[in-house]
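Accompanying notes for the structure given below.
The values are calculated or read from the model by the stated rules, or taken from the named source; none is laboratory data. Just so it is clear, the structure is predicted and the values come from calculations on it, not from any experiment. Please note: Cβ atoms are built from the backbone with ideal geometry, for glycine as well, and neighbour counts cover all protein chains shown.
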Amino acid sequence: DSDIGTGYGLGGIGECYPKNQFVWANDCSNNYRKGIDFHSGANVFVWSNKCHSNKLNGIYVGVDNRLDGVVQPVGTVLIEGNDLLLSDYSGATDNWGLYVGKSFNTETSGVTSIKIKNNTIKRPTANLGNALNLIALDLGGFYRPVVDVTGNTIDAVNCGHVVYVYNSVAASNIKGVLNVKNNNFNIGKPNSAFFIFAPNTNVDMFNFCEN
């Protein structure tokens with residue numbers, strides 16, 4: 001409530017096609033909506049940022065890449081070594097800790113590499129009215145994505161799903177690989193029966209191991 005600005009710690013430009021974006025070692029905390037917010041771009045790197053107590057999302061990377069009406073590739077999305085302390089705000093159903101996916105219903109050409117690694121995500125208080133997903137992945141608009149969720153430490157009193165994977169676009173060419181490996185999950189009480197929830201997700205291979 002003390003945030004009288006835009007509600008964003010850092011906002012990416014959504015009506016163009018920026019390339020090779022590096023965001024590192026920033027304090028993007030106590031915002032009314034999001035700590036770090038991207039809506040387009042190719043090769044997005046988010047390293048070693050502090051995102052505490054943002055009401056909607058700690059880190060949001062939603063890439064809708066269009067240039068003169070033509071869908072453009074995403075390339076690599078790397079989110080590594082960030083420190084997220086999640087808000088207990090219950091005013092929005094999409095109050096997710098970390099989100100990567102498609103902002104709008106367009107398929108993205110080119111293979112996409114998404115790496116979420118070595119991040120710390122904490123939720124120290126419980127709000128049972130808030131079905132917060134700690135990591136949310138919308139793979140609907142990507143072409144053959146390769147997704148690695150590795151080496152993260154997640155410590156939460158409660159949550160909705162720890163990893164929530166879904167398709168917002170019913171595209172026939174979304175064939176990819178999802179790896180959830182070598183993470184440290186310490187969850188007091190998930191509000192859902194599904195620790196990892198991946199409904200209607202067309203991936204060729206899903207590996208969940210060594211967590």
Tally of residues being modelled with pLDDT of 80 or more and surrounded by fewer than 18 Cβ atoms within 10 Å (Cβ to Cβ) across the range 63-78: 1
Out of the residues in the range 82-98 that are modelled with pLDDT of 70 or more and under 14 Å from the mean Cα position of the chain (by Cα), which is surrounded by the fewest Cβ atoms within 10 Å (Cβ to Cβ)? D83
Looking across the range 167-205 at residues that are modelled with pLDDT under 85 and aromatic (F, W, Y), the single one that is surrounded by the fewest Cβ atoms within 10 Å (Cβ to Cβ) is F194
